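Presented below is the structure to which this report refers.
The values are calculated or read from the model by the stated rules, or taken from the named source; none is laboratory data. Predicted model only: the values in this text are computed from it and were never measured. Cβ atoms come from the backbone with ideal geometry, glycine included; neighbour counts cover every protein chain shown. Quick note on the areas: whole protein, heavy atoms, side chains included, nothing else; ligands and nucleic acids left out. Shrake-Rupley method; radii C 1.70, N 1.55, O 1.52, S 1.80 Å.
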Amino acid sequence: MPVDAAALGMIRAALCAFVLAQMVLTDFGAFGNLPTTVMRPTGAMQLLSWRFYDVVITPRGMLVLKVMLVGSLLAASLGLFTSIATKSAALLFLFYEGLVRSFGLFNHDEMTGVYLLVVLAFTLCGDGFSVDRLLGWVKPRLPGFAYGYPILLMRILVSWAYFTSAVIKLRVTGLRYFSPDNMPVVSIWHSLDNLHESQHKLAFWLPNARGITGAVVIVALLWELLFPLAIFSKLARRIILPFGIVFHLSTIFFMNISFPYYLAAYVVFIDWPWVVSRLAASKLFQTLRHSRPRSVTARANWL
């Protein structure tokens with residue numbers, strides 16, 4: 001497991017850049033046109049006054065929220081004023097998610113992103129691979145454990161999300177979950193959900209494949225239960241992560257459901273310094289290096 005500032009910084013840059021792209025593509029104005037009377041704030045969102053919501057849930061209020069959130073995520077991605085940017089990005093993204101849930105939509109996918117942003121907000125993720133480091137405002141000053149334990153914590157959180165998903169399925173449905181009819185019924189139900197487009201028709205083929213759907217469900221459940229092995233085992237990661245990519249892509253075509261934040265969370269399992277070293281040793285990098293020389297000091301400051 002990576003235990004240096006550069007690895008944590010690369011994970012911060014990748015995760016924040018992904019959330020940034022998602023927020024840029026999100027139509028905040030659509031929420032601004034909704035009446036606050038249909039809101040049902042949940043959890044801590046109930047502590048805020050309705051006067052506050054009347055100001056925020058407007059086209060102008062949602063535009064301000066989007067600008068603040070996008071600005072914070074951009075700064076966090078670059079590692080500029082990292083300590084402040086990561087905290088404001090985590091807080092604003094959490095608030096945005098609270099607004100979405102207050103209108104009745106529940107999707108556990110984005111919560112993985114919330115958890116990881118919160119971890120980054122309270123760790124020294126700007127000490128490496130950041131503009132702050134490049135400008136000399138910060139430098140790695142603590143033992144490797146200080147940069148390694150946040151990566152370990154994020155891996156545990158992602159693994160826990162998968163593991164508990166499997167446990168909940170078994171607790172709620174029991175052995176009925178392995179019924180050959182379960183996968184076809186759930187897939188068709190989600191495909192016909194009024195919150196999703198129905199351009200994918202593969203779910204309607206599944207009743208004809210009932211002979212294997214039960215086995216597919218068992219394999220998927222075992223994958224979720226064994227996901228924690230990916231925390232430490234490189235061999236397990238080589239099996240579990242590719243399977244996860246295939247699994248999440250297949251849900252798009254069979255259920256009209258995507259889990260982009262879960263896929264983005266896989267960056268915490270990548271040994272980024274190793275990836276950089278491999279790229280640095282590649283012929284392409286060597287060619288670019290000789291054609292456009294760059295000082296060793298600048299590279300060291302960035303990392």
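Structural remarks
- Long hydrophobic helices in the chain, taken as whole DSSP H segments with a C-alpha length of 24 Å or more on their own axis and mean Kyte-Doolittle hydropathy at least 1.0: 5-25, 59-78, 145-173, 210-226, 234-255.
- Between R60 and F163, full extension at 0.36 nm per residue minus the direct alpha carbon distance yields a gain of 33.0 nm.
- Two-decimal Rg to Rh for the range 1-48 - Kirkwood Rh, Cα set: 1.24
- Label-to-label distance, R210 versus L249, with points set 7 angstrom from Cα along the beta-carbon direction: 3.1 nm.
- Count Lys and Arg as plus one, Asp and Glu as minus one, and take only other residues whose Cβ is under 11 Å from that of A264; the net charge is then -2.
- Within the range 240-262, backbone nitrogen closer than 17 Å to the virtual label 7 Å beyond the Cα of T26 toward Cβ: 258-262
- Treating r as the C-beta distance of L48 and S83 and R0 as 35 Å, the FRET efficiency rounds to 0.85.
- For the chain, the carbon plus sulfur part of the accessible surface works out to 71%, probe radius 1.4 Å.
- Over the chain, accessible surface divided per residue gives 55 Å², non-protein components excluded, 1.4 Å probe.
- FRET E, pair V38, L192, Förster distance 22 Å, beta-carbon r, rounded to 0.05: 0.40
- Under 23 Å from K66, Cα to Cα: lysines that are on another chain or at least 8 residues apart: K87
- Cα shape, the range 136-227, gyration tensor, a/c 1.5 rule: prolate
- Shape category assigned to the chain from the gyration tensor of Cα positions, a/c cut at 1.5: oblate
- Top of V24, V38, V158 by mean-square fluctuation, Gaussian network on the chain, Cα under 10 Å: V38
- Listed by chain and number, the lysines placed with their C-alpha closer than 29 angstrom to that of K201 are K169; residues fewer than eight positions away on the same chain are left out.
- Alpha-carbon centroids, the range 91-114 and the range 124-169: separation in whole Å: 21 Å
- Using only alpha carbons, the range 1-118 has a radius of gyration to Kirkwood radius ratio (Rg to Rh) of 1.01.
- In range of the label at F122: residues from the range 147-182 whose backbone nitrogen is under 19 Å from the point 7 Å along Cα→Cβ: 147-161
- Annotation: peptides 213-226, 45-58, 112-125, ranked by per-residue average of other Cβ atoms within 10 Å with the highest first, follow the order 112-125, 213-226, 45-58.
- Three-way shape label, the range 58-170, alpha-carbon gyration tensor, a/c 1.5: oblate
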